[in-house]
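Accompanying notes for the structure given below.
FYI, it's all coordinate maths here, none of it is from the lab. As the structure is a prediction and not an experimental result, all values here were calculated from the model. A quick note on method: Cβ atoms are made from the backbone with ideal geometry, for glycine too, and the neighbour counts reach across all protein chains shown.
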Amino acid sequence: MSAAGVNVKCPYCGAEYSVPRSVTYATCPYCGTTFKLNNPGEKVDHYLFKVFIDDQRAFSLVKSFSSQQVGAEKSVVSEASFTSSKLFYIPIYLYEVKVKALCRDGSSDFHGGESYNQYVVAAVDELPITLPRGYGFPARGREYFKPSISRNYVYLQPLKDPTAVFEELKRGDINEALSEAREACPSSNIELVDESRYVGLAHYPFWEIEYSYRNEVFKAVVDASDGTIVYLEYPLSMKNSFKALVGVFTGAITASLIGAMIATQNSTALIGGIASFITFTPALYISLSAFLKRKGRYTYNPKEEAEFLPTR
């Protein structure tokens with residue numbers, strides 16, 4: 001046992017290797033078997049999502065998407081140069097939650113309420129790449145894990161307790177089913193039937209792409225399974241950056257004046273004007289930063305997923 005990790009022995013092939021102390025599951029780099037550290041006899045289904053988008057295709061998507069951003073340099077498509085790429089495999093837990101609330105009325109039972117959902121949860125709290133909360137991982141292309149992945153790419157170990165995550169996830173579904181049953185049969189006894197299951201552990205691939213444009217370096221994160229742009233840095237034109245900065249500053253001044261005019265007393269007017277100006281401070285900072293660095297940023301919003309139908 002080392003200070004940085006703990007030595008384990010694979011219960012299936014007998015190989016010995018070291019893993020971080022904080023991990024819940026260990027994946028054997030020799031046979032690919034995944035098992036629970038505190039219960040080696042409990043084998044875990046471990047899946048891997050295929051890489052359908054290689055790094056050059058990801059870079060092509062990045063250039064095209066960059067050119068479509070407001071204020072971006074349109075010549076990024078023709079002038080940007082590929083610098084490097086890194087493939088990350090992010091650990092995720094797969095759950096299927098299925099709960100029913102049955103109404104017990106004497107000798108007969110009848111359906112009162114139910115809830116069914118499938119959940120995908122990142123198995124680590126801190127990620128080395130930018131990934132938005134609630135990201136909808138596509139379900140296609142899943143296969144059983146291959147041990148070579150942990151040696152050839154940046155492979156992250158799952159750290160969260162899957163049981164604790166599962167119990168937290170189910171809470172909302174259970175409350176929903178019980179609430180429906182209480183309305184359907186307020187005078188009956190209610191029995192909860194929980195058919196939920198932990199599907200298993202999976203690793204999902206993302207490219208981190210680094211590219212250059214006119215001696216400036218930019219980064220992007222691309223879903224390696226379906227090509228969705230998850231995070232993007234792109235070059236802004238000086239002209240458009242200046243327009244955006246002037247527009248935000250003008251808006252801040254205008255809002256301050258309106259806030260002052262609405263107030264009836266001088267002291268309140270001053271406070272109202274200052275408050276109105278402060279509300280624009282984050283936008284001013286972002287615009288000024290973009291103007292100075294000529295770098296725009298985009299982060300994928302799961303609520304806007306419909307915009308990505310051509311690639312997802």
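Taking 37 °C and 0.692 mPa s as the conditions, I'd like the Stokes-Einstein D for segment 101-157 in µm²/s, using the Kirkwood hydrodynamic radius from alpha carbon pairs.
Stokes-Einstein gives a translational diffusion coefficient of 202 µm²/s.
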Residue 70 versus residue 133: modelled label distance in nm, points set 7 Å from Cα along the beta carbon direction = 2.5
What order do you get for 50, 295 when you list them from fewest to most C-beta neighbours inside 10 Å?
-> 50, 295
Beyond 26 Å (Cα-Cα) in this structure, taken from 63/160; 86/160; 100/303; 9/146; 146/303, we find 63/160; 100/303; 146/303
Cα extents of segment 1-74 per principal axis, largest first, Å, are 56, 28, 17
Three-way shape call for segment 167-212 based on the alpha-carbon gyration tensor, with the a/c threshold at 1.5 = prolate
Classify segment 36-118 as rounded, prolate or oblate from the Cα gyration tensor: take a ≥ b ≥ c as the square roots of its eigenvalues, call it rounded if a/c is under 1.5, otherwise prolate when a/b beats b/c and oblate if not.
-> oblate
